[in-house]
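Asks: Structure in structure tokens, see below.
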């Protein structure tokens, strides 16, 4: 699907990719697969909706975080730096959501 179609359908993450420059990042001592799987579980445990996601393209988006407008998305981008080292980035159009999600997510992933 082209980017225009994704925007209409609601699955585009271009706005989140553009927000990466203002996001937060951390290197996590786990494989990319483990970080991806654990992030999705953490979000689901919080009651957030994970959509869209693409493990091959190494990103997921989530929304419906308590205390935030339920349609405000946060994007998580994963970059493999080694077998057991993954660079994880949190981006959103909402700086408050970036702060909240990155603090919680990085703490949980580092366990």
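Asks: Out of curiosity, is residue 42 touching a helix residue (DSSP H, G or I) at 6+ places or on another chain (Cβ under 8 Å), under 15 Å from residue 99 (Cα atoms) and not in a loop (DSSP other than H, G, I, E, B)?
Replies: So residue 42 fails the test.
Asks: For residue 47, only one of the following conditions fails: (1) assigned to a helix (DSSP H, G or I); (2) at positive phi. What is its number?
Replies: (1)
Asks: Continuing with this model, one more query. Name the single residue that is nearest to residue 18 (Cα to Cα) among those in region 66-93 being modelled with pLDDT under 95 and surrounded by 17 or more Cβ atoms within 10 Å (Cβ to Cβ).
Replies: 73
Asks: Now, a different point. Collect the residues in region 41-52 that are touching a strand residue (DSSP E or B) at 6+ places or on another chain (Cβ under 9 Å), in contact (Cβ under 8 Å) with a residue 12 or more places away in the chain and surrounded by fewer than 19 Cβ atoms within 10 Å (Cβ to Cβ), keeping them in residue-number order.
Replies: 46, 49, 50, 51, 52
Asks: Restricting the search to region 14-39, which residues are part of a strand (DSSP E or B) and surrounded by fewer than 19 Cβ atoms within 10 Å (Cβ to Cβ)?
Replies: 24, 25, 26, 27
The values are calculated or read from the model by the stated rules, or taken from the named source; none is laboratory data. The model shown is predicted, which means the values in this text are computed figures rather than measured ones. Reconstructed Cβ throughout: ideal geometry from the backbone, glycine too, with neighbour counts over all protein chains shown.
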